[in-house]
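All of the numbers you see were taken from the coordinates with simple rules; none came from a lab. This structure is a prediction, so every number in the text was calculated from the model and none was measured. When we count neighbours, we look across all protein chains shown, and the Cβ atoms used for this are built from the backbone with ideal geometry, even at glycine.
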Amino acid sequence: MASVIVNLEVSGRAVEIIAAPLTTLQSVLRNQLGMTSVKEGCRQGGCGSCTVLVDGEPMMSCLLPVEDVAGRKITTVEALSTPDHLDPIQRAFLDNNGYQCGYCTPGMEMIAKALLEHNPSPTRDEIVDALAGNICRCTGYQPIIDAIAAAASAGQEATR
Amino acid sequence: MSEETLSVVGQSVARSDGLGHVTGRDIYTFDRTFPGMLHLKIVRSPVHHARLRGVDLSEAEKVPGFVRALSAADVPHNVYTILGLIGVEPEEEFLLTPVGERVRYKGEPIIAIAADTEAAAIDAVAKVRLDLEELPAVLDMDDALAPGAPVVTHWGNNTFMYEGHNCRRVRFGDVDAAFAKADYIVEGEYRTSPIEQAPVETTGCIAVPAENGRYTVYTNTQALYFSLDNTSIILQVPGNQLHFIGGMVGGGFGGKVDVIVEPLATLAAMKTGRPVRYVFTRQEEMQVSSTRASETIRIKDGVMADGRIVARKVVNLFDCGAYSRQTPYSITKFAANAAGPYFIPNVYVDAYCVYTNRTPSSAMRGFGITMASFALEVQMDKIAEKLGIDPWTLHFINAYHNGDIKPHRKVVEDATLIETMQAAAELVGHELAPELKRMTSAPRSTEGGR
Amino acid sequence: MTIANYYRPGSVSEALDILAAHGADLLVIAGGTIAMPLINEGISLPAEVMGLRRAGLDTYTRRGDEVILGATLPITRLVEQTDVPMLRAAALRTASWSVRNMATVGGNLFAPPPAGDIAAALLALGATATITGRSGTREVALDDFWTGFMTTVVAPDELLTSISVPVTSAATSFIKFGRKRDNTPAVVTVAVTANLDNGIVRGARIALGAAGPHAIRASNAEAAVHGQPLSASVIAAAADAAAAECEPFTDAVATDAYRRQMVRLFVARALTQLDASASTQGREA
C-alpha cells in the first residue's frame, strides 16, 4: 500500500497528513484533524452534510480524494467562529432557528458562506438553488432560507 | 400567577444546544474515535426467505485485518424483541440467525464481523459463504392473508395474535343495523407505502470497554433506556455494567427506536476487548432499518342525508414485515382512533398486523395515527362530495363533544376540534354559518342533544 | 480489498502509460462523483485507481466554428465559460452546486441512466468525442459513442480526452423533467436542436435522456418534423413517434410506462417552445 504525505491548509492552519490511497478529504478532516463539524450522512454526495470549501468553492468532501486537494485552502465551519465571535451567518442561524437536530447545519453554513461570497444579495430563489445539494430532514428548509436571507441583509447593512 | 411574573412563557428563549449546533462543536456519536477501534460490518441475508443451512467463515478469516466473527452461538440470549421489555409476546426475532433457522427478510443479520479497518470488514463480509435453501416469499399483504400463502411466522399464520384473535378488534354498537338505515354508503380504500425516516445521521453506536468490566456505549438511539435494558437482557449482563451515553441525535423520527445496533456492538467489544464501531451505511439505513408500515385501509361509512356519520366499518392491514417489533402497539393506537375526532355511534374495526417477507416496520412520527388521519380525512372529503354538503359543515356536525363515548369506550375530555376549526376558519378568512360559529365542545346534554 | 494505488498522472501520455501497465483492472475516475459513492459503499472494490484531475484535460476552447470541451472540464467551469445556451441549461440542471464543482463534462458521458443530462444535450448538438490511445487519436460522433448500457467504444487502453461541439445557429430547447425541482435524477430529459427556415424544419436532432440504455436519438420523431412547419399536428406526430421508439426502463424514480408518457409530453413541449423562440431552455418539475 502506497500512503502519501499531503500538505494542505485547513481553516487557516497549515497541516501535513499521511493518507492511504484514495482516502477522502472527509475522512482526513474528521478522523485525523478532529474537524468534526464536517459530518457524514451518506458518503454518496447526496446529503451535503460533508460540504467544505476548497479555495472558496463548495465541494462534497466525501467524494474528494485528499491528494486531489494538496496545496489548496480548505475551509470548514471551525474557521467561522472564535470563542468571542460568531460569523454573521452563524448568528443568523441562531436568531432564525435555522436548525433542529443540527446535523445538516455545518453543511448549510458552508453553502451559505460560499453563496454570500459569490452573491452578497441573493434572491430567495437563488438561495433555494444554492441549497439544492443539502438535505435537511427536520426543519422543512424555511428557517434555513430565512437565516441565509437574514445573513445577507445583515451583510448589506454592514457594508452601508 | 400574573403575566408580569413569567420570565420564560411568552419570551423568545435561545435553545441550549444552538451554539454548539451552529459552531459545529457539538459532539455526535461518530465524531468520536478511540485507539484500537474495530469496525463492525454485518453479513446479511441476500434473499427474502430462506432456511440457513450453513456458514463458511474460512475465507473471511484470512482477510488481513479480520479480528473476530460473531454468530448466533455467541449471543447469550439470542432474542431481539423490543416490546419484550414490557412483556409483549412473542419472542420471534433473533439478533443473529442460527444455522437451521429461517431468515425472513432481505437484510436480516446472520454474522457480524469485526475488523481493524472498515475496508477489511467489508472485504471479510464479502468473503463469507452462506448456504441458503431459498423458500417462497410473500411480499404483498393480501397475498399473505390468502390460503396457501408462504408462512412467515413460526405459529402457522401471517397475523399477530391479539388475545386469541387474529386482529385488533373494536366493536361499538351495531354497524350492520345502522348501515341498513343509512341514507348513503360511502366506501374508500386507502393505501400507503412504507416510508423511511431517513435522518441525515445514520443509526449506530460505539461500544467501548471501560473499567471494572463495564462497557460505555455511545449511541444515537432515541430510546436510551430501552437500549440499555435490551442490551442487558440480550447479553445477560446486569444493567449496572452498562453505561449508555447519548442524546445528541442527528434526526430520528422513529428510525432510531429499534435498539438494533447496541447489543451487537457491545457483544463485539466484550469478545475482543476493543472499542467497536457499528454504524449503518446509507444503503443499510434505507433498506435494513425499519420504516413506517405500509397500510391498506378500507373504510365503509353509513351516512344520513344531513351529514351525520352513523356507522363506520374499518378493516386495516398493516404490513409489519418479517417481524412485528412495535407494530402491534401501533395498531392498537390506530384501532382506538379509527373514528377520528368525530362521534360515530356504531363502529367496527378489524386491524391486522400482517407478516410479509419485507423489512420489518416500526415507529415513525405519529406512529399508527398519521396514516389514519390521511385516510379518514380523504374519506370525509368523499362524503362531502357525494352528499353535496359543505365540508366545514360536515366536520362540525360530526365533531365529538366532551362526554361522548369513543368506540373503545373512552369518555371524551378536553375536546377542542370545534374551537380549532372556528379559529382556523377565521385565520383563512372563511365565513362560517352562524350555527357553526355558535357551536362548542360542551357536552351534548348541555346543548339540547344532537 | 484496500486500494493499493491512486495514480494521478500529470499528462495524457503519462495516463496512457499507466493504463497500458494495468489494463482493465484500473478504475479511471475524473470528478469521482460516480465512482466514489460506489467505492464508499463497498460496492466497487478496485485495487488500483487513476484520477485524471491533473492530466490537463480541464480546458474550454473556442476554435473557429467549434467549441472543444476538455473531458475533465468541471461542470461549473462549463457554466461559467460557455455561451451555448443548451449546454448551460443542461449543466445547471445536473446535480447540485457542490457536485458540479467536482463532476466533469466527460464523466457525464459515462453516467448510468437516468443520469447523463449533459450527454443528451451533447447528442442533440451533434457533438463528437475525441478518444486518445497510445497510437493516436480518433473521432467518434456521439451517435456512435455508446454500444449499450454502460458500454462505449472507448477501448481499455484509451481515454476520452475531449468533446467538440459544432457552433450552431439552430434553435434549441432543453427540458429535464424530474420529481423535484433540482438535484434529481431525470424521469426524462429532452434536448432538441432544429434549423428553422421560414418556419420549416430543415434538420432536427431530438435526443432523449433517461429513456434508453444511454442518451438516444429519436430518429422517427426527427423524420416526422423534417421538411414540415411546427404545427400542432406535426408536433403531436413527432411526440407520438418519440414515445413509440424510445426504450424506457423502470427504476426507483419512475416506471417505464410513465417515462414513455413523459417522453410524449415533453417532446411536444420542447418542440412547441422551439417554435416560440429561437432558443429557450427550461426546467420542469
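Table for the structure above
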{"item": "Average beta-carbon neighbours from other chains, 10 Å sphere, peptide B:195-201", "result": "6"}
{"item": "Over segment A:1-120, relative contact order from alpha-carbon pairs under 8 Å, at least 6 apart, %", "result": "27"}
{"item": "Charge dipole (chain B, unit charges on Cβ, about Cα centre) - positive-most of B:I397, B:V412, B:Y355", "result": "B:Y355"}
{"item": "Residue with peak Gaussian network fluctuation, chain B [Cα springs, cutoff 10 Å], from B:H39, B:H243, B:H21", "result": "B:H21"}
{"item": "Fraction of antiparallel bridges per DSSP, segment C:171-284 only, in percent to nearest 5", "result": "75"}
{"item": "Within chain C, helix-based [θ] at 222 nm, where runs of 4 or more DSSP H residues each add -39,500 (n - 2.57), nearest 500", "result": "-9000 deg cm²/dmol"}
{"item": "Computed label-point distance, nm, for sites C:I43 and C:R138 using a 7 Å Cα→Cβ extension", "result": "3.1"}
{"item": "Dipole moment magnitude, nearest 20 debye, segment A:4-79 about Cα centre, only Lys, Arg, Asp, Glu C-beta charged", "result": "180"}
{"item": "Span from the segment A:92-160 Cα centroid across to the segment B:348-416 one, whole angstrom", "result": "38"}
{"item": "Candidates C:A237, C:A21, C:A120: whichever shows maximal mean-square fluctuation once chain C is modelled as a Gaussian network with Cα springs under 10 Å", "result": "C:A21"}
{"item": "Chain lengthening between B:N157 and B:I405 when straightened (0.36 nm per residue, less Cα-Cα)", "result": "85.8 nm"}
{"item": "B:A180-B:D142 FRET efficiency (beta carbon distance; Förster radius 41 Å; 0.05 resolution)", "result": "0.90"}
{"item": "Whichever aspartates and glutamates have a C-alpha closer than 15 Å to that of B:K181, once near sequence neighbours (fewer than 8 apart) are set aside", "result": "B:D301, B:D306"}
{"item": "Sites B:R444 and B:Q236 - FRET efficiency at Förster radius 51 Å, r taken between beta-carbons, to 0.05", "result": "0.35"}
{"item": "Computed lengthening from B:I245 to B:V428, 0.36 nm per intervening residue step minus Cα-Cα distance", "result": "61.3 nm"}
{"item": "Alpha-carbon radius of gyration plus Dmax, which is the widest Cα pair, for segment C:171-284 in Å", "result": "13.1, 43"}
{"item": "Candidates C:R202, C:R269, C:R53: whichever shows maximal mean-square fluctuation once chain C is modelled as a Gaussian network with Cα springs under 10 Å", "result": "C:R202"}
{"item": "Förster radius 30 Å - calculated FRET efficiency between C:N220 and A:V128 (Cβ-Cβ, nearest 0.05)", "result": "0.20"}
{"item": "Charge tally in the Cβ shell below 15 Å around C:G133, where Lys, Arg are +1 and Asp, Glu are -1, C:G133 excluded", "result": "-3"}
{"item": "Mean Cα-pair separation over length for chain C, i.e. relative contact order, pairs under 8 Å, 6 or more apart, %", "result": "16"}
{"item": "For segment B:50-75 versus segment C:249-276, the gap between their alpha-carbon centres in whole angstrom", "result": "49"}
{"item": "Computed over segment A:88-159: relative contact order in percent, which uses C-alpha pairs under 8 Å that are six or more apart", "result": "50"}
{"item": "Violating pairs (Cα-Cα greater than 27 angstrom) within the set A:K39/B:K41; B:K300/B:K410; B:K300/B:K437; B:K41/B:K271; B:K313/B:K437; A:K113/B:K41", "result": "B:K300/B:K437; B:K313/B:K437; A:K113/B:K41"}
{"item": "Rounded to the nearest 20 debye, dipole of chain C from Cβ charges on Lys, Arg, Asp, Glu", "result": "740"}
{"item": "Those aspartates and glutamates that a straight Cα-Cα span of less than 17 Å connects to C:K180, excepting residues fewer than 8 apart in one chain", "result": "A:D125, A:E126, A:D129, C:D117, C:D251, C:E284"}
{"item": "Sum of -39500 (n - 2.57) over DSSP H runs of 4+, divided by residues of chain B (222 nm, nearest 500)", "result": "-7000 deg cm²/dmol"}
{"item": "Amide N proximity, segment B:23-66 versus C:A4 label position 7 Å along Cα-to-Cβ, cut-off under 11 Å", "result": "none"}
{"item": "Residue (of C:G209, C:V187, C:A236) at the positive-pole extreme of segment C:171-284, dipole from beta-carbon charges", "result": "C:V187"}
{"item": "Zone residues, segment A:84-128, relative to A:Q156, backbone N less than 12 Å from point 7 Å out along Cα-to-Cβ", "result": "A:120-124"}
{"item": "Extension gain from C:T272 to C:T61, taking 0.36 nm per residue of separation minus the Cα-Cα distance", "result": "72.7 nm"}
{"item": "Pairwise centroid distance, computed over Cα atoms, of segment C:16-92 with segment A:1-38, Å", "result": "23"}
{"item": "Coil-residue trypsin sites (Lys or Arg not before Pro) of segment C:104-199, DSSP, other Cβ within 10 Å capped at 13", "result": "C:R134, C:R179, C:K180, C:R181"}
{"item": "For residues of A:131-142, the mean tally of beta carbons on other chains within 10 Å", "result": "4"}
